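Please read the structure below before turning to the comments.
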Amino acid sequence: MTALPADFLARLELICPPDLWDSTLASFSMAKQTAFRLNGLGLTGEGVERTESVEKSGKSSKESEQVVSELKALGVTVHPVDWCQPYGIDVYQVCAEHRERLTHSAAASDGRLYIQSLSSMLAPLLLAPKQTDWVLDLAAAPGGKTILLAELMRNEGKISAVEPVKSRFFRLQANLERMGVSNTRCYLKDGRAIGSLKPVSFDRILLDAPCSSESRFRLDQPESLSHWSLAKVAECARKQKRLIKSAWEALKPGGRLVYCTCSFAPEENELIVHWLLRQHPEAHVLPIVAPVERIRPGLTSCQGKALSAELSKTLRVWPDTDWDGFYLALLEKPL
Ligand code: SAM
């Protein structure tokens with residue numbers, strides 16, 4: 001068992017709500033629940049064709065029951081996640097011991113379900129694309145959030161998914177194909193260039209920014225934290241500023257942008273949104289309503305420095321057995 005870096009721990013303690021400290025610390029070593037979504041794009045599993053009857057209307061309950069009963073037959077006990085139902089998505093959790101069997105199930109390999117953390121699902125749900133929108137996913141691979149966006153849009157409208165790392169780009173394409181996504185074009189490009197290539201073009205933009213992935217640290221997986229350093233946090237922050245600038249340029253007036261990371265570092269979260277608000281005082285920060293107990297408002301001060309009060313409308317998800325640490329901000333460009 002490895003230990004969390006001392007600098008990381010000291011910085012985390014400065015920002016973690018005291019009542020959530022013990023559970024946050026424990027979350028780096030505890031066995032987590034695994035969440036998955038049933039594919040709402042109508043894959044049947046028999047030759048895995050998209051069926052006409054569900055093409056426009058999403059999944060059929062018969063197919064959902066079939067997947068759940070296949071998993072039960074494998075000895076996987078699934079628990080429905082009730083708060084997801086109003087969003088029209090079918091989400092379940094399984095305990096850590098059943099993760100392996102879930103991952104190797106036929107339904108996972110043929111695209112009838114997709115394993116994705118609950119925290120990751122929040123960003124597409126918050127962006128809430130309409131079926132007529134043109135959506136930009138600016139840092140898309142391996143595609144879990146693109147797939148949910150396509151599902152929320154019933155495979156209508158248009159999604160442009162951008163990923164500059166070749167191996168990850170191919171994985172993105174393969175995942176979209178396996179899950180039956182048909183409204184998305186993938187671009188092997190650097191997201192920092194999109195704002196000038198496609199200014200004021202998109203109705204909705206998701207920037208799930210490359211980050212230092214601090215919430216992915218696992219004490220039983222030393223490699224999960226071997227690349228972390230304060231220099232890495234600073235390097236990520238520099239890239240995130242250029243990506244959010246590009247996203248803002250690409251957004252249409254009246255359009256919405258979700259910025260999110262799976263890091264705790266304020267430099268990669270509130271300080272990025274604060275920086276954008278200084279460059280673009282016209283940007284609106286929209287309040288976020290999320291059905292999550294472990295959320296707290298974004299920070300409005302950092303290392304003794306006051307930040308925009310608007311940042312209290314952004315949110316932090318603090319980790320436990322169900323949730324991964326996450327930061328989310330919802331911004332709107334005025335008309
Ligand atoms: N949204 C993805 C999902 O839900 O599956 C996860 C995205 S991951 C947090 C960040 C991604 O950004 C990585 O695939 C990384 O390769 C990509 N990335 C790195 N630099 C980038 C850049 N300059 N422009 C766009 N994407 C970049």
Taking only protein heavy atoms and a 1.4 Å probe, what accessible area per residue, in Å², does the chain have with all protein chains in place? 44
Where GluC sites (Glu not before Pro) in DSSP loops with at most 12 other Cβ within 10 Å are excluded, longest remaining stretch of the chain: 50-281
Ranking Leu126, Leu207 from most to least accessible area with a 1.4 Å probe gives Leu126, Leu207
In the chain, taking the dipole from +1 charges on Lys and Arg beta carbons and -1 charges on Asp and Glu beta carbons about the Cα centre, the listed residue (Tyr92, Leu176, Leu38) farthest towards the positive end is Leu176
Could you sort Met121, Met30 by their accessible area in this structure, using a 1.4 Å probe and putting the largest first? Met30, Met121
Would you mind working out the magnitude of the charge dipole of the chain relative to its Cα centre, with +1 at each Lys and Arg C-beta and -1 at each Asp and Glu C-beta, to the nearest 20 Debye? 1080
Return the sequence-ordered ³J(HN,Hα) values of the stretch 228-237 in whole Hz as given by the Karplus equation 6.51 cos²θ - 1.76 cosθ + 1.60 applied to θ = phi - 60°, using x for Gly and Pro. 7, 7, 5, 5, 5, 4, 5, 5, 4, 4
Value of relative contact order over the chain, rounded to a whole percent, pairs C-alpha under 8 Å and six or more apart: 18
Just the accessible area for Asp82, please: 1.4 Å probe, Å², rounded to the nearest 10? 100
Net charge contributed by nearby residues that have their C-beta within less than 12 Å of Lys305 (K/R +1, D/E -1): -2
The chain, helix-only ellipticity at 222 nm - DSSP H runs n ≥ 4, -39,500 (n - 2.57), divided by all residues, nearest 500: -9000 deg cm²/dmol
Too long for a 22 Å Cα-Cα cut-off, among Lys130/Lys333; Lys189/Lys241; Lys232/Lys252; Lys62/Lys130; Lys130/Lys189, are Lys232/Lys252; Lys62/Lys130; Lys130/Lys189
When the Karplus curve 6.51 cos²θ - 1.76 cosθ + 1.60 is applied with θ = phi - 60°, which whole-Hz ³J(HN,Hα) does each residue of the stretch 80-91 get, with x for Gly and Pro? x, 9, 5, 5, 7, 4, x, 7, x, 10, 9, 10
Scaled to the compact-protein estimate 2.2 N^0.38 Å, what is the alpha-carbon radius of gyration of the chain, rounded to two decimal places? 0.97
Computed on Cα atoms, the radius of gyration and Dmax of the stretch 109-180 in angstrom are 11.5, 31
Is there a quick way to get the dipole size of the stretch 131-274? I mean about its Cα centre, with the Cβ of Lys and Arg at +1 and of Asp and Glu at -1; what is the value in debye to the nearest 20? 400
Area of His280 that stays accessible when all protein chains are in place (1.4 Å probe, Å², to 10): 50
Which shape class applies to the stretch 172-254: rounded if a/c is under 1.5, otherwise prolate when a/b exceeds b/c and oblate if not, where a ≥ b ≥ c are the square roots of the Cα gyration tensor eigenvalues? oblate
May I ask you to compute the full-extension gain from Ala3 to Glu65, defined as 0.36 nm times their residue separation minus their alpha-carbon distance, rounded to one decimal in nm? 18.1 nm
What ranking of Asp324, Asp7, Asp220, Asp190 comes out by heavy-atom accessible area, probe 1.4 Å, highest first? Asp220, Asp7, Asp190, Asp324
Where nothing but the Cβ of Lys and Arg (+1) and of Asp and Glu (-1) is charged, how large is the charge dipole of the stretch 233-329 around its Cα centre, in debye to the nearest 20? 380
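The values are calculated or read from the model by the stated rules, or taken from the named source; none is laboratory data. These figures come from a predicted structure and were not determined experimentally. Heads up, the Cβs are rebuilt from the backbone with ideal geometry, glycines too, and the neighbour counts pull from every protein chain shown. Protein only, heavy atoms only, side chains kept; ligands, DNA and RNA dropped before computing areas. Shrake-Rupley method; radii C 1.70, N 1.55, O 1.52, S 1.80 Å.
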